[in-house]
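*Asks:* This is the structure I have questions about; it appears just below.
Please treat every number below as a calculation from the coordinates, not as lab data. No experiment lies behind these values; they were computed from the predicted model shown. All Cβ positions, even for glycine, are placed from backbone atoms using ideal geometry, and neighbour counts span all protein chains on display.
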Amino acid sequence: KKTEYLDILQRKSNRLKVLIEDLFEISKASSKSVTLQIVDVDICNLLRQAYLEQDDRIEAAGLDFKFNLPKERIILPLDSQKTYRVFENLLVNITKYGMPGTRAYIQVVREDDGHVLITMRNISARELEVSPEELTERFVRGDTSRNTEGSGLGLAIARSFVEVQGGTMKLEVEDDLFRVSIRWKIEEPGGAGQEPGRDPEREPVREERETAA
């Protein structure tokens with residue numbers, strides 16, 4: 001019994017540690033005090049990497065992911081770790097709440113107005129009990145009846161990390177179809193100093209831009 005109780009305490013302690021770290025990250029992002037390590041990120045490769053890291057979870061969820069990615073590279077000036085966290089959180093959200101045996105679609109499109117649009121679509125296993133706007137608030141979950149390890153911070157963190165890097169994240173629900181759309185401005189070659197799509201007055205603390213190897 002002692003060993004069993006110690007195992008439970010260990011799991012709960014680890015979960016609390018992750019929750020505290022998540023709260024710390026989202027608080028910094030919301031207050032625009034987060035430090036960004038800006039590098040040139042190949043957005044499609046980073047998306048593939050996040051998907052491969054979740055391969056076991058995706059297989060266990062019984063989901064079939066379909067990718068529609070451009071042949072050419074799309075390079076964006078982003079913090080690779082925080083952008084990876086955005087993709088990771090969105091993929092984990094799909095594996096938790098997607099309907100087993102269905103397909104999930106991921107698409108990356110270079111838009112004519114100079115933006116890149118990243119969309120993820122899936123079929124929800126259960127009817128959402130809150131509005132799409134509420135889902136990106138802290139501690140809100142779409143299905144309150146499910147007893148999972150989620151904290152309700154995943155989508156809120158994803159949105160904060162997108163916005164602190166000058167992008168937008170939008171959630172849409174149509175019946176059982178759940179869709180997340182992320183848009184970032186593509187930096188044009190030879191652009192002067194300021195990165196497009198960002199307001200210098202609200203710019204978070206960031207370190208000097210590096211070039212990814």
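*Asks:* Could you tell me the center-to-center distance, by alpha carbons, between segment 71-114 and segment 161-186 in angstrom?
*Replies:* Rounded to whole Å, the Cα centres lie 10 Å apart.
*Asks:* Which of the pairs Lys28/Lys66; Lys82/Lys170; Lys17/Lys66; Lys12/Lys96; Lys17/Lys82; Lys96/Lys185 have their Cα atoms more than 22 Å apart in this structure?
*Replies:* Lys28/Lys66; Lys17/Lys66; Lys96/Lys185
*Asks:* Compute the length gained on full extension between Arg57 and Glu172: take 0.36 nm times their separation in residues and subtract their Cα-Cα distance, giving the result in nm to one decimal.
*Replies:* Additional length available on full extension: 39.0 nm.
*Asks:* Where does each of 50-63, 159-172 land if you order them by average Cβ count within 10 Å, highest first?
*Replies:* The densest-packed peptide leads the list: 159-172, 50-63.
*Asks:* Turning to a different aspect of this structure: Ratio of segment 1-90's C-alpha Rg to 2.2 N^0.38 Å, to two decimals?
*Replies:* 1.45
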